[in-house]
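Peer 1: Below is the structure I would like to discuss, written out as structure tokens.
Values in this text are rule-based calculations from the coordinates and carry no lab data. Everything numeric here is computed off the predicted structure, so don't read it as measured data. Quick reminder, even Gly has a Cβ in these numbers, built from the backbone with ideal geometry, and neighbours come from all protein chains shown.
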Amino acid sequence: MLAAYLETVEARRKHLIVYGDPAETDLTDQLATRNVTVEHRRLPPVDAPPFVTIHDEGGFVGALTLEDVHQLLDPPIIRPGSWDGIRDSYRTILSVLEETLFATLSRRQLLATTREFEDRAYRIGTGTLSVTFQSLSVFTDQADLYRTLGEETALDIHVYGRPDWDPPLLEGVTYHPDHTGLLSPFWCVAFDGGGDTTQACVLIAREATDGYVGCWSYDPEFTQDVLASLEEGGM
């Protein structure tokens, strides 16, 4: 299912229009994706800052300042519970670019989005949060963070990965050995919203030669489908 979803989103092409001096706002290379086209237009001679509008088959989706786009390209890495002052602006960036397939997502971009989703789960404090790792040994660096999530919330946390390490027992955390390796190529984070469907979110990315191919969604039904798929091994 995870691979099929990425293929479905890839077919939904988005069009970005960058307004500003092309010499100063060229984002063609930075926003290189497999289903986004980038067009540049000059702003009229007024003191408006450069901005980007996003369109899909249905028309206008949203707009971001050029500063917002750069924040997406070089995002902050912040622990859950410490997002005050930046949470709303970064969530706006992610929501405008929901279900946009990026072909060159960096590990930093994925980690920043993961942290934002973990922050949602931490603040809601209940519900199901599922996370995949290539192997359970990769979870080593995240164990302290998930110890905090488990001890300070009532979250039902599920961690998936190849069984190459015996992870520590953590309150609220259940480990699921991925014996088949079907989940190994994917970076997936899904939170059901803890009873608040407006907080449901899911990130799916697949490792590629030059980074990751991936996207995110805030559709609560799809999030539930992903959670169910993970329980079944990601098929």
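Peer 1: Can you work out the PRE-style zone for residue 180? Point 7 Å along Cα to Cβ, and I want the residues of the range 106-133 with backbone N under 18 Å.
Peer 2: Zone members listed by number: 131-133.
Peer 1: Determine, from the Cβ-Cβ distance of residue 111 and residue 41 and an R0 of 30 Å, the FRET efficiency 1/(1 + (r/R0)^6), rounded to the nearest 0.05. Each step should come with its number before you reach the end.
Peer 2: Numbers: r = 33 Å, r/R0 = 1.10.
After rounding to 0.05, the efficiency reads 0.35.
Peer 1: Rank these for me by crowding, 165, 187, going from fewest to most other beta carbons within 10 Å. Before the final figure, lay out each step's value.
Peer 2: Values: 165 15, 187 23.
Starting with the residue having the fewest Cβ neighbours, the order is 165, 187.
Peer 1: Using only helices, what value at 222 nm comes out for the chain when you add -39,500 (n - 2.57) per DSSP H run of length 4 or more and divide by the total residues, to the nearest 500 deg cm²/dmol? Could the numbers behind the result be given before it?
Peer 2: Working: 7 runs with 71 residues, N = 235.
About -9000 deg cm²/dmol.
Peer 1: Run the paramagnetic zone check for residue 207: 7 angstrom along Cα to Cβ, then residues of the range 127-171 with backbone nitrogen under 16 Å.
Peer 2: Backbone N within reach: 132-141, 160-165.
Peer 1: Ok, one more. Along the Cα→Cβ direction, 7 angstrom out, place labels at residue 10 and residue 166. What is the inter-label distance in nm?
Peer 2: Label at residue 10, label at residue 166, 4.1 nm between them.
Peer 1: For residue 228 and residue 156 in one chain, what is 0.36 nm times their gap in residues minus the Cα-Cα distance, to one decimal in nm? Numbers along the way, then the final one.
Peer 2: Details: separation 72, 0.36 × 72 = 25.92 nm, distance 1.40 nm.
Between residue 228 and residue 156, full extension yields 24.5 nm more.
Peer 1: Set Lys and Arg Cβ to +1 and Asp and Glu Cβ to -1, take the dipole of the chain about its Cα centre, and tell me which of 19, 165, 54 lies farthest positive.
Peer 2: After comparing all options, I get 19.
Peer 1: Where does each of 175-182, 203-210, 222-229 land if you order them by average Cβ count within 10 Å, highest first? Please list the in-between numbers first.
Peer 2: On the way: 175-182: 14.5, 203-210: 16.4, 222-229: 18.1.
Top to bottom by mean Cβ count within 10 Å: 222-229, 203-210, 175-182.
Peer 1: Taking the Cβ of each residue in 123, 115 as the centre, tally the other Cβ atoms inside 10 Å and list the residues starting with the fewest.
Peer 2: Numbers: 123 14, 115 22.
So the residues, fewest neighbours to most, are 123, 115.
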